[in-house]
Amino acid sequence: MQQGTLMRKVKSKSWKKQRYFKLQEDCMTIWYQSKRTGKTESAFSISDVETVREGHQSEILQSVAEEFPPERCFTIVFYGRRGNLDLVAGSAEEAQCWVQGLRQLIEPRSFPLTFALVSCTWIRDWFQKADKNKDGRMNFKEVQRLLKMMNVDMNEDHALRLFQDADKSESGTLEGEEFVLFYKALTQREEVLSLFQQFSEDGKKLTLLELVDFLREEQLEDEGTEELAMELIDKYEPSETARARHVLSADGFLMYLCSVEGSIFNPQHRVLWQDMSQPLCHYFISSSHNTYLIEDQIRGHSSIEGYIRALKRGCRCLEVDCWDGPNGEPMVYHGHTFTSKIPFREVVSTLGKYAFKVRHPSPGAGARGWSLVGVDTWHAEGSWSCWPPAMQGAREQGSWRHWVAQGASLSPTPQELKHKILLKGKKIGRLEDTLDGPGDEAADVSDDENGAEAEERRRAKVRETQHGSALQKDKETLAQALSDCVIYCKNVPFQGFQEARSHSRPSEVSSLSEAKARKLIRDEGNEFVRHNTWQLTRIYPSGMRTDSSNYSPQEMWNVGCQIVALNFQTAGMEMDLCDGLFSQNGCCGYVLKPPFMRDEETLFNPSDPSSREGPGPITLTIQVISGQQLPKVANRKEGAIIDPLVRVEIYGVPADQAHQETKYIENNGFNPRWDETLQFQLHVPELALIRFVVEDYDKTSRNDFVGQFTLAFANIKPGYRHIHLLSKDGTRIPPSSLFVHIRITE
């Protein structure tokens, strides 16, 4: 890759500034500076980059498509909610140099980062930050500055002792391997070493049998333990000699505990592990609200980036609001507001590219290809023909009839719907009318059955009349061809559970506001659960949430609502819960509901945990042991060191909602030790989500957020585990983590 390349940074059709971009020698940092002033504007780490898109694959670059050819354009996409960087190179060759170079640098992250690799990168980054005079050496004054930067408030005498022990050359400075020695002494994990020595007879190594004992007694691994022990030694022991002897050193033991296998999240649940052959209504489905918006609901920016980001997070239900645009072309925006508009054509083109991709498909996961539900609110009177052929093919000839002919229900499974896009919207008539096309032979039915069908049609006609003139207008303006594309998700108004049970069909879906849903949960909890065993329900945010804030999805999941739509652009506890629930099952966006929420005769009511069939409450015991290399809080004054505490929050049925927290540790974000035990009783663990939050304690104002990690109780691995923290945006903060001990008892 060229270093110091002059390119155009494009922010809009009228804002195109020339900047010099350069990859630093560490191959981890890119900075850019103004051509006019020579002043460095910004820098970013390669670890911040999610992907690189070639050509006009952003709205901004599409707006300058006539000025700059696609082969000179590319977009750098960052993790989280950070805006993209749109660039135009001086030539196609320069563009390719940067695109291919960046892809090679970020490619290793498609595999799990090892603890050793993360530590190596971390050491190099800190060395370069603290080496003020850039001479490749670090004196004691620079080391003291480094400790402050790393969130460490260390006694000066102790720091000097570590410095002198590492200064093998006695030069008064640290360089290369000397700094690595200093770093290792600084990061010595006494709590891990103590645990290691409990199972090691000589205190220096774990034999194969000693490691097996640890895995069985503490990690509760009960199947193939000896084979697992051999795999862990081969994978994490850094010494070839030790590997050959089938023993694990203290370094290898730490690397295992910091690995995927040592994580609190059960690695077997990262991949597709649930039954995908149940009816669609038996799953929670990752869903977004007004997906096109990336800001607020009134004046916010509409962008195809909203769809791309949601899809890459595993979202399977998107919202598309279509209105008339110029020259009869449909536009997507939030109607009757001042939000910007994007052509419907661009939206469906984007869906065609990203509908069946996920950000981090796990090895062996079936995340690619799971069906997408499009919530299509169609207000436009213009042509709908800009649907691409692949999406018009949602009603592929014969496929729907085949299912019905085989006696399948009108509620197909995710497995059957793989690689298909469903439209949720208004529809003329019933699904059966769509399936019975011209020339189809009607099945033989008895006179009684014909009478029952006639009676049902009469009732349907009466109900339609009751809907009033608004429904009649929809019939007059809705194109038949568009109506025919709505197959299994026909919009119907909700008129009560009894009415739905008597007259609705599994192929229909009702949308409820969060307020309406809460009232039903409060007044008719069990009926709501039963309703959701056979029909889809969509919940959407209150219209008062103009700032794109979110409601808690947990109370909606507690009654089995499948399509709980959230504003994906807004970080916070609500999106942490969403990400936590759907981070399992290969990130496919579908999570199977527990058995008692799939039984149409269930007695379960979330307000009465005893109504759940199954074993009694369980006790979750969490010992919060320590933290490692916690990030500093943004916008804090230079030199400030955090006072971290850990809060564990339980989300589930009302009886399980709880939180407890540790004391705070003063002036230590680098390696704080809490050694505190928190205990919770869970009455309905199948619905519980556990959120670990680290905050910077402040006695005069609200605590500052440091990091969090959320997962479903069903995905917890007991034993000694590391929790790898995420930022507000849901991105990894390597190598920040918590070390805990988990026990689950009945």
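The values are calculated or read from the model by the stated rules, or taken from the named source; none is laboratory data. Not measured: the values here are computed from a predicted model. Neighbour counts run over all protein chains shown; Cβ positions are idealised from the backbone, glycine included. Areas reflect the complete protein model, heavy atoms only, side chains present, ligands, DNA and RNA absent. Shrake-Rupley method; radii C 1.70, N 1.55, O 1.52, S 1.80 Å.
Solvent-accessible surface of the range 5-106, taken per residue with a 1.4 Å probe and all protein chains present: 46 Å². Summarising the overall dimensions of the range 190-262 from its C-alpha atoms, the Rg and Dmax are 10.9, 30 angstrom.
For Y283, nonlocal amide neighbours, meaning residues 5 or more places apart or on other chains whose placed amide H falls under 5 Å from its own, are K593. Note on the range 40-105: with charges restricted to the Cβ of Lys and Arg (+1) and Asp and Glu (-1), its dipole about the Cα centre is near 280 debye.
Report, in debye and to the nearest 20, how large the dipole of the range 190-262 comes out about its Cα centre when Lys and Arg carry +1 and Asp and Glu carry -1 on their Cβ.
On the way: 6 positive and 19 negative charges, 69 e Å.
In total the dipole reaches around 340 debye.
Expressed as a rounded percentage, what relative contact order does the range 5-106 have, with Cα pairs under 8 Å and six or more residues apart?
Computed value for the range 5-106: 25 percent relative contact order.
For the range 615-745, the solvent-accessible area of protein heavy atoms averages 38 Å² per residue (probe radius 1.4 Å; ligands and nucleic acids excluded). Here the Karplus curve 6.51 cos²θ - 1.76 cosθ + 1.60, taken at θ = phi - 60°, turns the phi angles of the range 9-22 into couplings of 8, 10, 10, 7, 4, 9, 10, 9, 10, 7, 9, 8, 10, 9 Hz, with x standing for Gly and Pro.
Dipole size of the range 163-301 about its Cα centre, with +1 on Lys/Arg Cβ and -1 on Asp/Glu Cβ: approximately 500 debye, rounded to the nearest 20.
Explain nothing, just the number: relative contact order of the range 615-745, from Cα pairs under 8 Å at least 6 residues apart, as a whole percent. Let's see the in-between values first.
Values: 322 pairs, mean separation 42.3, N = 131.
32 percent.
With a 1.4 Å probe and every protein chain kept in, tell me what percent of the accessible surface of the range 615-745 is carbon plus sulfur. All intermediate terms of the calculation are to be shown ahead of the outcome.
Values: 2290 of 5040 Å².
Answer for the range 615-745 is 45 percent, counting heavy atoms of protein chains only.
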